[in-house]
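**Student:** The structure's right below; bear with me while I get my questions together.
The values are calculated or read from the model by the stated rules, or taken from the named source; none is laboratory data. What you see is a predicted model, and the numbers here were worked out from it, not measured in a lab. We place every Cβ from the backbone using ideal geometry, glycine too, and count neighbours over all the protein chains shown. Ligands, DNA and RNA are excluded from the accessible area calculation, which covers all protein heavy atoms including side chains. Shrake-Rupley method; radii C 1.70, N 1.55, O 1.52, S 1.80 Å.
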Amino acid sequence: MKFQDFTKMQLLFQTKSLGNGIYVIQDVVGVEMYLIEGDKKALLIDTGIGIGNLKDVVEKITNKPIMVYLTHGHVDHAGGIYNFDKVWVAEQDIDLLQKHAKVEFRLDFASAYISELKDIEDIRNHMSYHNHIKLLTVCCEDQIELGNRKLQVIDLKGHTQGSIGFYDEKTKTLFAGDACNNSTFLFLEEATSVSEYKETLLQLKEKWMEKVEHFIICHEYIEIPTSVVDDVINCCDMVIEGRASGLEFIIPYVPFQNGRSYWAANGAEHREKIDGRIGNLIYDMDKIS
Ligand SMILES: [Zn+2]
């Protein structure tokens, strides 16, 4: 996306129907959010970085009352909360969210990801912020009723302490946030150890993965194969057993660099592993067990 497009305010969000009452919304930094419609309500999963008015976009798709839930508290998922009056998030991620949803933090992060970004004040004018939002906490056994459609909240702790996913019974779809993907970030200070994360994935596999037919993520891809869970469990084992690739991971956003981040599996340059499987993991060498 070019800066010129961005300033025209036409392409701050792109939306697409995935069928069965599910819509994907992509924001200006390329993060995907999802809207799921039931008969009575709609669920918005995540809010992007908060540049432009997401509420307007959502209300063009549905006229049902919207409930907003966050997969976790990171800047690119929680930055847009101020478009809404209330938002649900796991309690363990509230401190993280309050840091990451600040305007200066969001501006700084956006600058690293939108290379054409030149006029910071212009961007600031398109950012939502006010102090009256109500934060509500979500628990891992919660169910979200939308009317003839129910989503189950699932604990996906690892990427952050409060990472959660949402399972849509109607379409057998798991909305996994950033919890498990082709470049799972497990090196930030808010992440768990690799061993603890592996336990989360084993629980996910045991309780849910026989049912899940569609595995939906928020970066680079929309849907990836459900085998990603086995791939990343395998990555955890590689790290724990000292068989990881040794390839250093460099992230363009300086505050997230820690000098101790490595890819679990080989093939990191194009994020396609040489074994042809999709799941991969980036870990902190000081936080393995
Ligand atoms: Zn994240």
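**Student:** Please state which of the following conditions Val254 fails to meet, knowing it meets all the rest: (1) more than 17 Å from Cys180 (Cα to Cα); (2) β-branched (Val, Ile, Thr); (3) modelled with pLDDT of 90 or more.
**Tutor:** Single failed check for Val254: (3).
**Student:** Something else: Could you tell me how many of the residues in the range 5-18 are basic (Lys, Arg) and either at pLDDT 95 or above or in a strand (DSSP E or B) (or both)?
**Tutor:** The number of residues fulfilling the criteria is 1.
**Student:** Okay, moving on. Only one of these is under 13 Å from the mean Cα position of the chain (by Cα) and either at pLDDT 95 or above or surrounded by 17 or more Cβ atoms within 10 Å (Cβ to Cβ) (or both): Ile51, Ile45. Name it. Spell out the reasoning first.
**Tutor:** Numbers: Ile51 fails: under 13 Å from the mean Cα position of the chain (by Cα).
Going through Ile51, Ile45 in turn, just one is under 13 Å from the mean Cα position of the chain (by Cα) and either at pLDDT 95 or above or surrounded by 17 or more Cβ atoms within 10 Å (Cβ to Cβ) (or both): Ile45.
**Student:** For the range 143-193, give me the residue count where each residue is assigned to a loop (DSSP other than H, G, I, E, B), within 26 Å of Ala264 (Cβ to Cβ) and of a type in the set (Val, Ile, Thr).
**Tutor:** Initial filter on the range 143-193 (assigned to a loop (DSSP other than H, G, I, E, B)): 146-149, 156-163, 169-172, 176-183, 187-193.
Add one more test, that the residue is within 26 Å of Ala264 (Cβ to Cβ), and what stays is 156-163, 176-183, 187-193.
Filter once more, keeping what is of a type in the set (Val, Ile, Thr): 160, 192.
So the answer is 2.
**Student:** Tally the residues that are under 18 Å from Tyr23 (Cβ atoms) and open to solvent by less than 50 Å² (accessible area, probe 1.4 Å), restricting the search to the range 205-232. It would help to see each step written out before you state the result.
**Tutor:** First, the residues of the range 205-232 that are under 18 Å from Tyr23 (Cβ atoms): 214-219, 221-223.
Okay, now just the ones that are also open to solvent by less than 50 Å² (accessible area, probe 1.4 Å), so 215-218, 222.
Of the residues in the range 205-232, 5 are under 18 Å from Tyr23 (Cβ atoms) and open to solvent by less than 50 Å² (accessible area, probe 1.4 Å).
**Student:** Where in the range 19-78 are there strands (runs of 3 or more DSSP E), lying fully within it, with 3 or more residues that are closer than 17 Å to Ile133 by Cβ and out of contact with any His (no Cβ under 9 Å at 6 or more places or on another chain)?
**Tutor:** Numbers: elements: 22-26, 32-37, 42-45, 66-69.
Passing ranges, in order: 66-69.
**Student:** Sort through Asp95, Asp76, Asp56 and tell me the only one that's of a type in the set (Asp, Glu) and either in contact with a Leu (Cβ under 8 Å, 6 or more places away or on another chain) or over 21 Å from Val153 (Cα atoms) (or both).
**Tutor:** Asp56
**Student:** Moving on. Any residue at all in the range 56-66 that's open to solvent by less than 30 Å² (accessible area, probe 1.4 Å) and in contact with a helix residue (DSSP H, G or I) (Cβ under 7 Å, 6 or more places away or on another chain)?
**Tutor:** No: zero hits.
The rows are residues; the columns are (1) within 16 Å of the ligand (Cβ to nearest atom); (2) within 23 Å of Tyr262 (Cβ to Cβ).
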site	(1), (2)
Asn182	yes, yes
Leu188	yes, yes
Ser195	no, yes
Glu206	no, no
Glu213	no, no
Ile216	yes, no
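**Student:** Is it the case that the range 158-180 has a residue that's open to solvent by 80 Å² or more (accessible area, probe 1.4 Å), over 29 Å from Val254 (Cβ atoms), without any contact (Cβ under 8 Å) to a residue 40 or more places away in the chain and out of contact with any Phe, Trp or Tyr (no Cβ under 8 Å at 6 or more places or on another chain)?
**Tutor:** Yes: the range 158-180 contains one or more residues that are open to solvent by 80 Å² or more (accessible area, probe 1.4 Å), over 29 Å from Val254 (Cβ atoms), without any contact (Cβ under 8 Å) to a residue 40 or more places away in the chain and out of contact with any Phe, Trp or Tyr (no Cβ under 8 Å at 6 or more places or on another chain).
**Student:** Do you know which of the residues in the range 68-115 that are of a type in the set (Ser, Thr, Tyr) and within 17 Å of the chain's Cα centre (by Cα) is nearest to the ligand (Cβ to nearest atom)?
**Tutor:** Applying the first criterion (of a type in the set (Ser, Thr, Tyr)) to the range 68-115 yields 69, 71, 82, 111, 113, 115.
Narrowing the set further to residues that are within 17 Å of the chain's Cα centre (by Cα) leaves 69, 71, 113.
Numbers: Tyr69: 15, Thr71: 8, Tyr113: 13 Å.
Among residues in the range 68-115 that are of a type in the set (Ser, Thr, Tyr) and within 17 Å of the chain's Cα centre (by Cα), the one nearest to the ligand (Cβ to nearest atom) is Thr71.
**Student:** Just checking, which of Gly276, Gly259, Gly242 is under 26 Å from Asp76 (Cβ atoms) and open to solvent by 20 Å² or more (accessible area, probe 1.4 Å)?
**Tutor:** Gly259
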